Amino acid sequence: MTATSPVTPARRGGPGAAQAGADALERAVGHLLTLQHRQGWWQGELETNVTMDAEDLLLREFLGVRTAEQTAAAARWIRLCQRADGTWANFRGGDADLSTTVEAYVALRLAGDAPGAGHMARAAGWIRGQGGVPATRVFTRIWLAMFGEWPWDEIPVMPPEMIYFPAWFPLNVYDWACWARQTIVPLTIVGSLRPVRTLPFTLNELRPRGSGQARRPAAAAGVKGEGAVGGGWAAVFNGLDRLLHRYERRLPTLAPARAVRKAALRRCAEWIIARQERDGCWGGIQPPWVYSLIALHLLGYGLDHPVISRGLAGLDRFTVWEDTPEGRLRRLEACQSPVWDTVLAMIALADAGLPPDHPALLPAAGWVLDEEIRGPGDWQVRRPGLAPAGWAFEFDNDGYPDVDDTAEVLLALRQVSWPAEAIKEASARATAWLIGMQSKDGGWGAFDADNTSRLVTKLPFCDFGAVVDPPSADVTAHAVEALAAAGLGASKAARRGVTWLLRAQESDGSWFGRWGANYVYGTGAVVPALIAAGVRPGKPAIRRAVSWLVSHQNPDGGWGEDLRSYTDPGRAGRGESTASQTAWALLALLAATGGSGEAPEAASIERGVRWLADTQRPDGSWDEPQFTGTGFPGDFYINYHLYRLVFPVSALGRYVTGAGPGGARHGRAGEPGIPGGAG
C-alpha cells in the first residue's frame, strides 16, 4: 500500500467486480486527497437555487450598497439557470416554482433586463398564469412589500412582543427550529416597522388582470415529519391574524402599547446581536443573516456600525465567483459545510483503508478538534443542565452545535492516531452531550431536543419550509451509530434510539430521509446504524429494508431518487441513478450482508459497484448535477458537491476491504465490532 492508495484485496463479487471497484476506489481516493485544504479541512460547494442570488441583490438594493459588477455577474448566473419556458425551479429537473421565478425576475429587472425581452416576457407570462404575485409565498411578498410592490397589510402579522413569551408559553421563539427562530425574530422587527424603498420600476406586469390583492392561503403541511395539525387550528390562527392586523392599525393611538412595542423592538435587537457569529453571519445560513441586517439597519444601525459592516463583509466568504467565456458569474451559497465535509472525508478515507496516521487524516483531526464548541447556545433552553459540547456544520456557528455533525465527528475521530487524551476528552464531552440531546420519544432532532410544537406549523406566516426540528430517522441513526462505535450500543440511550428507528420504518421497509433525498438516504443511514447497534442482519426490519433497496435498483445498476418523492409517494426510491444515492444504498446492503459475499444481495451489490466504476470520471470523481441534499423537505434542496465523491469512497472502501465503517471488520451481534448484542 502506498501513502495515497487504499488496501485493495480482490475478495468480493464475480470475476472482475472486485478489481473494478478497487481501481475506482484508488482513483477516487487520489482525487479526494487533492481537495484537502492546507489547514486540514475539506469543503465542497453547497449549490442551491437562484433565490439566494436574487435576495442578495434585493438586500444590497435595500441597503444602498449594490454594485454594477455584483449585479451583472449575479444576473448572468440567474439567466443561466432559467429554463426554456422562462421559469426557474428549486432543483435541477424539478418543477417550475412560482416564488423562485418571481424573485429571479425581479433581480433581472434590477440588472436592467427589459420586461419586453423574450426571456422576461416568457417568465412574466408564466407568472401571471400561475396567479401572479398574490399567489407567491409569504417570504417573497415580504421582499416585495419592502419595495412597495405589495401592501404590508396583506402580510401575516408576527409581533415583536413574542420575544417576551417564556419558554413554556405556546408560540415562544424556542418552539421554532433554530433556523426558523433566527429568521422570525428579525422579521418581527421588519414587519413592525414596515419599510418601503422605491424601485426604479413597477411590477404591474406580474399581476393578473382583475386579480386584486387576495392573500395566498397558507400551504398545507403535506411533507412527512413536519408535525402538521388539523385545519381547525389553521382557522383559529387566521382569525388571530385578522385581530393582530386590527391591533397594528390601532397601535399608534395606544400609548402603553407603543411603549411595550418600543421595548420589544429593543429586546429583539439585543437577541439578534447576541447571536451574530465571529464571521458576521447569523446561524451560518442565508435567511437569518439577510433579515438580521435589514432589521438592525431599520433600527438605526448604520452601514459603518461594526455589527452591520461585519455582517456585510461576511457575505463575501459565501460568494462563489466563476470566470466563463460569457463573463464572470456570481452566486451565493446558502450555507457552508466544512465540518460535515471534513468528517465525511475522514470516514471515507478510513473506509478506503488509509492508516490512522496518514498525513491527510492527522491535520484533519487537529482542525476538527479545534472546532469543538464549548460555549452556550439556544439548545440549553430545553436542556439547561447539559454541559456544552459538540460540533456545528459551518466554520462559525458556535451557538448551534448539531447532533448530526457531532455524531459523525465522533465516528471520524476514532479513525486517527492523534494524542489519545485529546480525543478521549473531546469524545467524552460530545458523547455526554449527544445522549443529553435525545428527545423524550427516543429519537434525535438536528439542533434541539423536543422541538416538536405542532402549533407553529399552522400560523399563516408558515407557508414555506420546515419550521420545527422533530427527531428524524437519519439523525437518529447517526447518533445510534456513534454510540455503538463508542461501545455504548447496549446503553439505554442507544436502545431507545433503536426502538425509535424500528417504529419509524415505513410499511414498505424504507425510512424517510429528512436531510437527504430521501428514502434511499434514510434507509442508507438506518441499516448500518441498526447493525452497528446489534440488530441481526436476519431480523425482519433489516430484511424488509434490503428487499426495498434491491427492488428499487435501477436497470443500469445504480440507485436514484427524485426530490419530488417528498410530496409524491409514488416517486419514493425512483429516479435517475446518482453516485451519492448509489453509495447510500450500497452502504446499507453491505452492512446487511455482514461481510458475506454469498448473501442473496451480492448480485445487487456487484451491479451497484460496477455502476460506480463504469460512470467514474477520469479524475476519480463522478458527475452529479442532481440535487441529493435536503434543506426543507418539499421546498428547499442542496447539491453538496462533495457528496458525489465521499460517499462512493466509503461504499467502495467497505466493498473492497470487506470492512465496516472506518475499516472495522464486520461482526455479529455480541461479537467484536458490534457492542451490546441487541437483536
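Let me see the P(r) profile for the stretch 421-518: every Cα-Cα distance counted, bins of 5 Å, each bin given as a percent of all pairs.
2, 13, 20, 22, 18, 12, 7, 4, 2, 0, 0
Please report the orientation-averaged projected area of the stretch 256-335, defined via the convex hull of its C-alpha atoms, in nm².
6.3 nm²
Which of SER472, LEU459, GLN380 sits closest to the plus end of the dipole of the chain, meaning its Cα is farthest towards the positive end, when Lys and Arg get +1 and Asp and Glu get -1 on the C-beta?
With unit charges placed on the Cβ atoms, the residue in question is LEU459.
Scale the Cα Rg of the chain by the rule-of-thumb value 2.2 N^0.38 Å and send over the ratio, two decimals.
For the chain, the normalised Cα radius of gyration is 0.96.
Compute the length gained on full extension between ARG209 and ASP323: take 0.36 nm times their separation in residues and subtract their Cα-Cα distance, giving the result in nm to one decimal.
Roughly 36.9 nm would be gained on extension.
Counting only Cα atoms, I'd like the Rg/Rh figure for the stretch 49-332, Kirkwood definition for Rh.
Across the stretch 49-332, the Cα-based Rg/Rh ratio is 0.96.
Taking the number of other C-beta atoms within 10 Å as the exposure measure, put LEU33, LEU642 in order starting with the fewest.
With the fewest neighbours first, LEU33, LEU642 line up as LEU33, LEU642.
Once the dipole of the chain is set up with Lys and Arg at +1 and Asp and Glu at -1 on Cβ about the Cα centre, which of TRP611, SER99, ALA352 lies farthest towards its positive end?
Checked the options; the winner is SER99.
Computed FRET efficiency, Cβ-Cβ of THR67 and ASP508, R0 51 Å: what is it to the nearest 0.05?
It comes to 0.45.
If exposed means no more than 11 neighbouring beta carbons inside 10 Å and the site is in a DSSP loop, what's the longest run of the chain without any exposed trypsin sites (Lys or Arg not before Pro)?
For trypsin sites (Lys or Arg not before Pro) (loop position, at most 11 other Cβ atoms within 10 Å), the longest site-free span of the chain is 441-679.
Could you tell me the extents of the stretch 518-574's C-alpha atoms along the three principal axes, largest first, rounded to whole Å?
Extents along the principal axes: 33, 23, 15 Å.
Round to the nearest 10 and give me the degree value, 0 to 90, for the angle of helix 338-351's Cα axis relative to the longest principal axis of the chain.
Rounded to the nearest ten degrees, it is 10.
Given DSSP loops and a limit of at most 11 other Cβ atoms within 10 Å, what is the longest stretch of the chain that contains no such GluC sites (Glu not before Pro)?
1-325
What ranking do HIS297, HIS31 get, fewest neighbouring Cβ atoms within 10 angstrom at the top?
By the 10 Å Cβ count, ascending: HIS31, HIS297.
Among ALA599, LEU298, ASN172, pick out the residue whose Cα is farthest towards the positive end of the charge dipole of the chain, where Lys and Arg carry +1 and Asp and Glu carry -1 on C-beta, about the Cα centre.
Final value for the positive-end residue is ASN172.
Determine Rg/Rh for the stretch 443-572; Rg is computed over alpha-carbon atoms and Rh is the Kirkwood hydrodynamic estimate from the same atoms.
The Rg/Rh ratio comes out at 1.00.
No lab work stands behind these numbers, since they all come straight from the coordinates. Predicted, not measured: the structure shown is a model, and the values here were computed from it. Cβ sites come from the backbone with ideal geometry, for glycine too, and all protein chains shown count toward neighbours.
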